[in-house]
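Here, each number is a calculation from the coordinates, and none is a lab measurement. Predicted model, so just to flag it, every value in this text is computed and none were measured. A quick note on method: Cβ atoms are made from the backbone with ideal geometry, for glycine too, and the neighbour counts reach across all protein chains shown.
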Amino acid sequence: MRLKRREPRWRIKRGVIAVSIVIAFIIILLYGPWFPLFEFRELVVAGNQHVSDEEIQYLTGFAIGDNILRLPLGRVRDDILLLPWTKRVSVRRLLPHKVKIQIEEREEVAAIEVSAGINGHLMAIDAEGYILAELDKETNRGLVLRGVADENINPGDSIDPAGVLVLAALWRAGLTTGPFTVADLTDRSNLLLFGPDDLKVWLGSLNSIDERVDALSALIDAFNLQHYRSIDLRFRGKAILTPRTRR
């Protein structure tokens, strides 16, 4: 009977000793930066094209010799997500000495015109309408959206909801890569597309914009646009094509 009473006490003592050892080990790892087994030595960055490795390194604030178990990976992830080009990012430890940052960047699909005239400039946007970076007017070859942002917009901001709606419709139909050069949303009751040789397309209001963009895509497949100077899709279920005057 005495042995049975003593047995639980020894179990408790062994448990306390085991927990104490684990806690002491954790304290050594977390608060002993000199511990060479888990010192930070290398940062691996992958998936980045528009954001440099040097910029990522600066944002982390990591230094060679830091305790890898104490590095603030959550804070680093949040900071990298603030970069305009970043869509998704993962930050993880590759014990014992490495940290890997995997970045998925946003894809440029079009541009927006920020104010007109001599002081106007272009900015790249992705399919969700996020502003990515300023563009050179001379080198841009994609679709330009007009009337979707004010002059104070900056990389990391988004164009207005109407612009996102029209952009999404054009992108799904494959029309952000041609043949049109400008989508003018200045007049929200009468959206316009401009194409080669002064081709003009009236899309009407924002209502049923997906349906009318799909109709335009079907017309492009069926007709040679070079033969027409305008296409009017403002009337539901009807397309008016005006041919060019033969000389």
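Summarising the strand pairing of the stretch 110-243, around 70 percent of its internal DSSP beta bridges are antiparallel.
Here the chain carries DSSP beta bridges of which approximately 70% are antiparallel, counting only pairs with both residues inside. Other residues within the sphere of radius under 10 Å centred on the Cβ of residue 102, judged by their own Cβ, net out at +2 (K and R +1, D and E -1). As a rough footprinting exposure proxy, the listed residues 245, 60 were ranked by other beta carbons within 10 Å of their own, and the order from fewest upward is 245, 60. Considering only 220, 23, 68, the mean-square fluctuation computed in a Gaussian network model of the chain, springs between alpha carbons under 10 angstrom, is largest for 23. Residues 138, 54, 128, 105 in ascending order of nearby Cβ atoms (within 10 Å, fewest first): 138, 54, 128, 105. Tell me, how many Å apart are the Cα centres for the stretch 175-247 and for the stretch 39-78? Here the two parts' Cα centres lie 48 Å apart. Each Lys and Arg contributes +1 and each Asp and Glu -1, all at the Cβ; summed about the Cα centre of the stretch 84-232, the dipole is approximately 780 debye. Straight-distance candidates among the lysines for linking to residue 238, with alpha-carbon spacing under 20 Å and chain neighbours fewer than 8 residues away dropped: 200. Listed by chain and number, the lysines whose C-alpha is less than 25 Å from the C-alpha of residue 100, apart from same-chain residues fewer than 8 away, are 87.
The phi-based Karplus calculation (6.51 cos²θ - 1.76 cosθ + 1.60; θ = phi - 60°) puts the 3J(HN,Hα) values of the stretch 39-49 at 8, 6, 10, 8, 10, 10, 10, 9, x, 8, 10 Hz, whole numbers, x for Gly and Pro.
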